[in-house]
Each structure stands twice: as structure tokens, then as C-alpha cells.
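What follows is calculated from the coordinates using simple rules that are stated; it is not laboratory data. These numbers come from a predicted model, not from an experiment. Cβ atoms come from the backbone with ideal geometry, glycine included; neighbour counts cover every protein chain shown.
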Amino acid sequence: MKRVKLILVLTVVLLAAVALRPSNSAYALSVTPMAEVQMYTTSGTPVYAVPDVFSPVAMYLERFTNVRVNGITDNGFYRVDIGGTFYIPGPYMVAKIEPDKTEKQKALERIDDFTEAYIILLEQMESYSETFALIDVTGDGVPEIFDASGKEIYTYYEKRPVMMYYSQYPLTFYYSKKDNKLLGNYNWNGNSIWEVYANDKSLLPWGQFRCVSTDASAYRGNATVITREYTNNAETRGNLKNILTEMLSVK
């Protein structure tokens with residue numbers, strides 16, 4: 001008698017569990033075919049052999065994996081072709097990938113922060129740098145600041161100015177936009193020395209310019225000298241937002 005009661009209790013519990021199972025997670029009753037489209041996975045996307053989240057996961061796909069979709073189930077799964085027929089829950093799929101914003105786009109969106117950071121830097125430099133250059137020499141569209149003597153280079157990173165280059169000895173800097181190469185020239189023991197710089201990001205996220213070669217012959221023909229065309233005074237700093245906005249808006 002006790003055994004019969006136990007069986008009845010277990011049966012009631014099982015029926016209750018089935019009744020409480022979410023309807024949107026139940027096995028699909030039908031699949032609506034669709035013309036094949038390309039979609040993309042989100043982070044850690046689970047893939048099922050059947051359209052049921054209570055079934056075992058067949059595999060996981062990395063973020064932004066391109067997947068061919070050819071149907072949708074009545075409980076919200078996409079039917080996909082991944083070397084066979086599988087199913088992915090709808091929330092894990094997107095129609096297109098939004099590319100990460102470029103440094104140029106981020107700087108333009110935060111133009112007030114960008115301007116304030118460079119104004120503070122220029123105010124600090126005014127005592128020793130009456131003029132400065134404003135030019136993009138990294139290729140990301142964000143202009144760097146060169147001091148008057150050719151000893152310092154700064155860029156913008158996360159709402160603040162950061163140093164990319166410093167030397168006690170002044171250089172004449174050149175830049176080849178075609179090659180995206182920064183060159184430096186100076187005289188040593190009566191010889192004209194040329195250096196080629198690369199932006200090394202191994203230590204700092206915004207990078208540091210370091211010399212990678214003393215043979216600039218491949219780039220000198222395309223490079224032009226970096227001139228200090230801006231006067232570091234209150235008037236220029238007051239107009240800096242317009243200057244930066246115009247530079248960042250150039251296609």
C-alpha cells in the first residue's frame with residue numbers, strides 16, 4: 001500500500017513538472033521555411049540538435065560567427081545549416097554586426113572632452129612651446145600634438161592627453177601620409193641621420209613611437225616636414241574645438 005502511495009505521489013510530481021515547463025521552451029511543433037539569409041551569433045551562442053532549450057547543447061559558437069538561417073520554429077528558434085541542421089534560440093542571433101567605433105568617431109562624439117584635454121595640455125606647454133603642430137601621424141584620424149622643438153608628441157586617450165614620444169634632443173619630424181610613416185632627422189658628427197618610427201602598443205594601450213630603422217629611403221620621397229602652424233595662445237585654444245571638429249570631420 002505504501003508503495004502504491006509513493007508511485008502516486010511521484011506521478012503527481014512528474015505531471016506538475018511537465019505542466020510547469022515553460023511553453024516557449026517546449027519542443028517546436030512546426031518550422032516555417034524561409035529564404036536562406038546570413039545572420040551572426042552573439043557571445044557564447046548555444047546550438048541545439050532539436051529546438052528545445054531543455055535538450056543537450058550540441059556545441060557553442062563564438063561571437064560574430066556567420067551562420068546560414070533557413071527557417072524559424074513556432075517557439076522562436078532559428079533553423080540553421082552548420083554542416084547539418086541545427087537550431088539556435090532567437091535572442092542569440094543578430095541580423096548584422098555593428099562595427100566597433102573608430103578612435104576618430106569616439107573622439108568626435110566626445111569633442112568637448114577631447115578639446116578640454118588638449119587645452120589643458122597646451123596651457124601647460126605654453127611656457128616652452130609657443131607654437132605647435134596638430135596632425136594625425138598614427139593613421140587613426142585623431143590628430144597628435146607636436147611641441148615646438150621636436151622633443152614631445154602627445155595624443156588623446158580616454159579623456160586625457162598622453163605622451164607618445166619624448167627625447168632630450170630635438171628632431172625635425174616628417175610624415176608620409178601615403179606610407180603612414182613618421183620620420184625623424186637630425187645631425188650627428190656632421191652626418192644627417194634619418195630614423196623611421198613605428199607606434200608600439202606592447203606596453204601602453206595608446207602606443208609609443210620608437211625607432212625601428214635608420215634607413216628612410218623608401219619613405220622620404222613621400223614625406224613632408226611637420227610644421228608648427230598653430231600659435232599656442234588663448235585665441236587658438238579658444239578656437240580649438242572648431243579646429244578639432246573640422247579635422248575629425250574630414251572623410
> If we keep just the residues of the stretch 215-241 that are closer than 19 Å to Lys151 by Cβ and of a type in the set (Val, Ile, Thr), which is nearest to the chain's Cα centre (by Cα)?
Replying inline: Ile226
> Limited to the stretch 221-251, what total is found for residues that are of a type in the set (Lys, Arg), surrounded by 11 or more Cβ atoms within 10 Å (Cβ to Cβ) and either touching a Phe, Trp or Tyr at 6+ places or on another chain (Cβ under 7 Å) or closer than 15 Å to Gly139 by Cα (or both)?
Replying inline: 1
> Given the conditions (1) basic (Lys, Arg); (2) surrounded by 13 or more Cβ atoms within 10 Å (Cβ to Cβ); (3) at positive phi, and given that Lys159 satisfies all but one, which numbered condition is not satisfied?
Replying inline: (2)
> Can you tell me how many residues in the stretch 153-196 are of a type in the set (Ser, Thr, Tyr), part of a loop (DSSP other than H, G, I, E, B) and farther than 24 Å from Ile119 by Cα?
Replying inline: 1
> What number of residues within the stretch 70-96 are touching a residue at least 24 places away in the same chain (Cβ under 8 Å) and in contact with a Lys or Arg (Cβ under 9 Å, 6 or more places away or on another chain)?
Replying inline: 10
>> So the check is Cβ under 8 Å with 6+ separation or different chains; which pairs have a first residue in the stretch 215-233 that's under 18 Å from Lys178 (Cβ atoms) and a second one that's surrounded by fewer than 12 Cβ atoms within 10 Å (Cβ to Cβ)?
In response: Asn222/Lys178
> Taking the condition free of Cβ contacts under 8 Å to residues at least 40 places away in the same chain, part of a helix (DSSP H, G or I) and basic (Lys, Arg), does Lys101 pass?
Replying inline: no
> Here is a list of conditions, (1) touching a residue at least 60 places away in the same chain (Cβ under 8 Å); (2) crowded, with 22+ Cβ neighbours inside 10 Å; (3) in a strand (DSSP E or B), and Leu134 meets all of them except one; can you say which number that is?
Replying inline: (2)
